[in-house]
Structure formats: structure tokens, C-alpha cells
Amino acid sequence: MVAPATAPRASRSSPRPRPEAVRQCVVSMVAADSEGPEDRPSGKPDLRVEVEGVAGVTSDLGVDLQYLSPRMFRRERSIPLRGSAAALSNNLSVLQLPARDLTHFGVVHGPSAQILSAAPEGVPLAQRQLQVKVGVGVSPPLITQVHWCVLPFRVLLVLTSHRRIQMYESDGSLMVYWHALDSGDASSAQAMFARGIAASVHFICVGTWSGRVLVFDIPAKGPNIVLNEELTGHQTPITDIATERAQGQDGVADMVTADDSGVLCVWRSGTVFTLLTRIPGFGVPCPSVQLWQGIVAAGYGDGQVRLYDATTGALHVQISAHARTVSALDLAPEVGKLLSAAEDTFVHIWKLSRNPESGSIEVEHCHGECISDTQVCGARFCDPSGSSFAVTGYELAEILRFNSV
């Protein structure tokens with residue numbers, strides 16, 4: 001059982017000096033059944049925000065988080081799983097197929113990945129289980145992530161594990177490529193694995209335990225996939241990779257990678273990937289990261305969500321969004337909604353924007369959802385407009401679905 005906890009309040013005596021323009025948001029979360037006001041609505045968490053304004057930066061977010069009325073999302077029919085989701089960050093992938101009125105979901109459970117198709121109302125239509133291909137008599141290794149990579153000319157399903165990387169056609173029916181992990185960089189005490197998957201132009205990038213990022217060149221069709229490059233900006237295992245579709249422009253950051261030490265590397269893709277800036281860590285892992293219109297959103301092991309400028313690496317906003325490790329971030333690119341989920345049972349939705357006059361990054365809280373008694377391990381928007389999202393939890397044998405009211 002996982003009980004919601006109160007989020008730590010930001011300290012003014014931070015060991016790392018904050019830039020002048022950083023705004024700090026503190027979100028406190030108290031379980032609805034914990035001690036508190038007797039008139040608190042049943043079943044609703046108490047959410048409050050405090051903002052510290054620095055050097056004349058406006059500190060008013062213009063939103064009351066205590067009770068959100070009317071609610072922006074309501075829970076819909078859940079999708080059953082054959083097994084529960086593993087306790088892995090980013091343990092949910094979603095692929096919407098509007099032309100076929102279908103949505104694919106991918107969830108990892110131990111040595112297998114469950115691939116499901118569902119109708120808009122949540123009715124499951126098909127299920128498939130994938131495992132890492134190994135020799136006869138050898139136990140399949142644990143899978144670390146499953147993710148759909150949407151390229152301009154095809155969609156591939158990528159599976160990572162403790163031994164190899166496998167790429168499939170989008171429905172998981174046919175494996176088109178596999179890559180064995182090289183154990184040359186692993187010590188006898190170090191586990192070998194791949195984790196962190198993203199598509200950039202005609203490349204698929206995959207992170208590894210060594211801190212390297214493998215860049216695969218993907219043809220328009222067929223299995224002739226080749227390892228094009230290895231990126232070496234990190235010293236600790238990769239946790240997540242994010243990209244956005246503005247690739248190829250001179251000086252424009254279109255990929256960000258994160259690692260176990262909290263370090264972020266911002267890249268420009270191309271025939272050769274270029275490291276633009278390296279953002280130092282805060283002494284805690286960064287399990288999930290997103291990129292949108294030059295804004296890097298990073299979720300950390302201490303429950304913080306930090307927003308950086310992708311070009312300069314400057315920290316603009318710091319949000320004490322959760323009481324425990326942030327397990328997933330996602331972005332709805334059409335509207336700039338940011339979804340954050342954590343092990344504290346909460347899912348929050350934020351609205352990101354840039355001030356047209358100052359260019360500063362602004363954030364507004366839109367919605368909060370408590371998934372009672374659940375260690376949330378995956379959460380994704382189900383469409384680019386952010387009108388629906390799905391959630392997975394450790395030992396939860398279903399995918400929870402929420403639609404806008």
C-alpha cells in the first residue's frame with residue numbers, strides 16, 4: 001500500500017544558488033483521509049501552492065489549487081492487463097491511430113511486454129505479449145522499456161532489455177531488427193541494460209547503462225537498420241530521452257537526454273549529432289524528461305519538476321510538484337500541457353507557455369488526480385491535444401483512463 005505524503009517545502013537555504021529569474025512553486029499534497037479540515041470534500045486531496053518571487057519576477061500563478069471545480073478530467077472504463085505493470089519509470093507507451101479509431105498501449109511486466117489495442121470507449125480488441133529472443137533453455141531477460149517511435153515514414157515499436165534492443169513493426173507482429181548490447185564496458189558488478197527511447201528525424205536513439213546513447217539510422221522500409229553513431233555526453237546510466245519535431249534547423253535543440261545523476265544533455269540532431277549544452281544535476285536521478293518549443297521539462301527523484309531553457313540551459317521554474325520520485329512526464333505538443341506522475345499516487349497536469357514580452361517560461365496548474373493506494377509508474381497523454389490520458393501503477397492489473405469533462 002502506498003500512502004500519499006506531504007511534499008517537502010522548498011528551502012531558502014538551498015545548497016545550490018538559484019539564478020535570479022528562477023520561480024519556485026511548492027505544491028503540498030495531503031491525503032483526503034488524513035488529519036485536516038473537517039469540511040474538506042470527501043475523496044479530494046488538499047492541494048496548495050506557494051510561490052517565491054525573485055528579483056521582480058511575477059509570483060502569482062493565477063490559479064487556486066486547493067479545490068479544482070469543475071474537474072477537467074473524469075475517469076473512464078479501464079483496460080485490463082494480463083499481468084500488473086512492473087515498477088519501472090515511464091512504464092507506459094501510447095500510440096494513437098485516428099484513421100483506424102484505435103489506440104495501442106504498451107506496458108512492461110518482468111520479462112514480457114504487453115501490447116494492447118483498444119477502441120475509444122476502452123474496449124480491448126487485441127493483446128500480444130513480446131519477449132526478448134534468447135537461446136533454447138535460457139531464461140528471457142527482464143525488459144526495461146517499450147516505446148513506439150513515430151518517424152516521418154514509418155512507426156516502429158522498440159523494446160529494450162538487459163541483453164538487447166529489438167525493433168518491431170508497429171503492431172508487434174514482426175521483428176525487423178535486433179542489436180545485442182556490448183558487455184565490454186560493463187564491470188562484473190554492473191548490470192548491462194538499455195533504457196530511454198526516442199525518434200529524431202530518421203533516427204531512433206536508445207540509451208544504455210554506460211551512459212552512451214546509440215543512434216540507429218532507420219530506412220523508409222525494410223530491416224536494413226544500422227548503428228550510425230554513439231553519443232558520449234553522460235557518465236552514468238541513461239534514464240530517458242525526449243525529442244521534438246523541429247529537427248535539422250541550425251542551432252535548434254531537438255533532443256534531450258537524462259541520466260541517473262540528474263545530468264541533462266541537450267542535442268541538435270543531424271547526420272552528426274551535436275551537443276549544445278550540458279545541464280548539471282542536483283545529486284538525484286532524473287527518471288523522465290520532455291522537450292517542447294525550446295523548454296526542457298525534467299522530473300527528479302526528489303519530486304521536483306524543473307523547467308529549463310533548451311538553448312542556454314538556464315533554470316527558469318522549479319516546482320515542488322510531488323512528495324516522491326517523479327516516475328513519468330509527458331507533453332501534449334498541440335497545447336503545451338505537461339503531465340507529471342509520481343510514486344506519491346498523484347498525477348498533475350500543467351500548462352506551459354512563454355511570456356510574449358519577456359520570453360520567460362510560465363506554468364499554470366490545470367488538474368490533479370490521486371490514484372489511491374497506487375505507486376504510479378507510467379502516465380501518458382492519449383492524444384496530442386491532451387484531452388485524455390492513461391495511467392499504470394505497480395501491481396495494478398489495469399490501465400486507468402481519464403477523459404476531459
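The values are calculated or read from the model by the stated rules, or taken from the named source; none is laboratory data. This structure is a prediction, so every number in the text was calculated from the model and none was measured. Quick reminder, even Gly has a Cβ in these numbers, built from the backbone with ideal geometry, and neighbours come from all protein chains shown. Surface areas here come from the heavy atoms of the whole protein model, side chains and all, with no ligands, DNA or RNA. Shrake-Rupley method; radii C 1.70, N 1.55, O 1.52, S 1.80 Å.
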Search the structure for amide H atoms under 5 Å from the amide H of residue 239, placed 1.01 Å from N in the peptide plane, and list their residues when 5 or more places away or on another chain.
258, 259, 260
Any idea of residue 334's accessible area? Nearest 10 Å², probe 1.4 Å.
130
Assuming R0 = 45 Å, can you tell me the calculated FRET efficiency for the pair residue 364 and residue 136, based on Cβ-Cβ distance, to the nearest 0.05?
0.20
With label points built 7 Å along Cα→Cβ from the Cα atoms of residue 175 and residue 274, find their separation and express it in nm.
3.8
From the protein chains alone at 1.4 Å, what is the descending order of accessible area for 221, 133, 337, largest first?
221, 133, 337
10 Å beta-carbon shell around residue 155, net charge (K/R +1, D/E -1):
-1
Sorting check: for 365-373, 114-122, 298-306, which peptide has the highest mean count of neighbouring beta carbons within 10 Å, and how do the rest follow?
298-306, 365-373, 114-122
Net length gained if the chain between residue 125 and residue 397 were fully extended (0.36 nm per residue, minus Cα distance)
96.2 nm
Segment 245-379 shape via C-alpha gyration tensor axes, a/c threshold 1.5:
prolate
Would you please give the FRET efficiency between residue 284 and residue 87, computed as 1/(1 + (r/R0)^6) with r the Cβ-Cβ distance and R0 = 25 Å, to the nearest 0.05?
0.90
Residue separation times 0.36 nm, minus the C-alpha to C-alpha distance between residue 151 and residue 236: what's the value?
27.8 nm
Between residue 229 and residue 102, 0.36 nm times their residue separation minus their Cα-Cα distance comes to what?
42.2 nm
Would you mind working out the accessible area per residue for segment 157-310, using a 1.4 Å probe, and quoting it in Å²?
36
Under the rule of at least 5 residues apart or a separate chain, name every residue whose amide H is placed under 5 Å from the amide H of residue 73.
405
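For segment 343-405, give the percent of accessible area contributed by carbon and sulfur heavy atoms, probe 1.4 Å, rounded to a whole number.
41
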